[in-house]
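Notes for the one structure printed next.
The values are calculated or read from the model by the stated rules, or taken from the named source; none is laboratory data. Not measured: the values here are computed from a predicted model. Using ideal geometry, Cβ is built from the backbone for each residue, glycine included, and neighbour counts are taken over all protein chains shown.
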Amino acid sequence: MKTKLIAPSLLSADFGNLQRDIEMLNISQADWLHIDVMDGRFVPNISFGFPVMKTIQQHAKKFVDVHLMIVEPEKYVEEFINHGADLVSVHYEACTHLHRTINLIQSKGAKAGVVLNPSTPALMLEDIIKEVDLVLLMSVNPGFGGQKFIENTYKKIAETKDMILSNNSTALIEVDGGVNLDNAAKLFEAGADVLVAGNAVFGSEDPARTIELLKI
């Protein structure tokens, strides 16, 4: 059966009621919790760090998917894993020694993902695709929520899927940015395995129901 995982992004949660929102996700059909970490350098925005990760670790009962939008991620991956990350994804564009960073993440007991910005071709992953557990394709330019989906993502999913299959890789494909009820089914059909949804979930009147609908 084809994988259809939904990973609501806590960047869009109500930070005044973070425990409440995490507990809602715990009992929903959400599969993963997606954590966007920004440093104000790799992307023009700053999000949360270890104090918020500690709160997430205390309350989350599902797989924790951490997306590092930061420079020099290798300096921080171990601490994020110590704070409950089950998967840590780092940007191809931010890693001078990507293979070493992927191996570091896996050596600390977490799954490792590599992220591509919209303008970075999928073919850049050819030498690492057999090593990673996940490829995260950005379908907006990283740094802010609520951006418009980039249509070329469908082609990029297909190219990534072909690369995975031709290299006998087991990597999953995750898509992040502009995911909603209008395009979720098409993204899964194109070959995505995991969809990150922020505003689509937390901006809806019934987030748990929206998660259900995204999986259909």
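Cβ separations smaller than 6 Å between residues 6+ apart or across chains give the following pairs from the stretch 149-169 residues that are at pLDDT 95 or above to residues that are of a type in the set (S, T, N, Q) and surrounded by 18 or more Cβ atoms within 10 Å (Cβ to Cβ): Ile150/Ser139; Thr153/Ser139.
In summary, Asn199 fulfils each of the numbered conditions (1) touching a strand residue (DSSP E or B) at 6+ places or on another chain (Cβ under 9 Å); (2) buried (at least 21 other Cβ atoms within 10 Å of the Cβ); (3) farther than 11 Å from Ile6 by Cβ with the single exception of condition (2). Scan the stretch 119-128 residue by residue and report those that are surrounded by fewer than 19 Cβ atoms within 10 Å (Cβ to Cβ) and in contact (Cβ under 8 Å) with a residue 40 or more places away in the chain. If the condition is that a residue be surrounded by fewer than 19 Cβ atoms within 10 Å (Cβ to Cβ) and in contact (Cβ under 8 Å) with a residue 40 or more places away in the chain, then Leu123, Glu126 are the ones that fit.
Looking only at residues that are under 15 Å from the mean Cα position of the chain (by Cα) and among the aliphatic types (A, V, I, L, M) in the stretch 170-183, which one is farthest from Glu159 (Cα to Cα)? Only one residue fits best here, namely Val179.
The rows are residues; the columns are (1) at pLDDT 95 or above; (2) closer than 18 Å to Ala171 by Cβ; (3) in contact with a strand residue (DSSP E or B) (Cβ under 9 Å, 6 or more places away or on another chain).
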| site | (1), (2), (3) |
| --- | --- |
| Ile46 | no, no, yes |
| Lys62 | yes, no, yes |
| Met69 | yes, no, yes |
| Val90 | yes, yes, yes |
| Ile102 | yes, yes, yes |
| Ile129 | yes, yes, yes |
| Asp133 | yes, yes, yes |
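Quick check: is even one residue across the stretch 119-126 touching a strand residue (DSSP E or B) at 6+ places or on another chain (Cβ under 9 Å) and over 14 Å from Glu93 (Cα atoms)? No, because not a single residue in the stretch 119-126 is touching a strand residue (DSSP E or B) at 6+ places or on another chain (Cβ under 9 Å) and over 14 Å from Glu93 (Cα atoms). Considering the stretch 101-141, the residues that are part of a helix (DSSP H, G or I) and out of contact with any helix residue (DSSP H, G or I) (no Cβ under 8 Å at 6 or more places or on another chain) include one that is farthest from Asn183 (Cα to Cα), namely Ser107.
Restricting to the stretch 164-183, what's the tally of residues that are out of contact with any strand residue (DSSP E or B) (no Cβ under 6 Å at 6 or more places or on another chain), under 17 Å from Thr3 (Cβ atoms) and either β-branched (Val, Ile, Thr) or crowded, with 18+ Cβ neighbours inside 10 Å (or both)? Residues meeting the conditions: 3.
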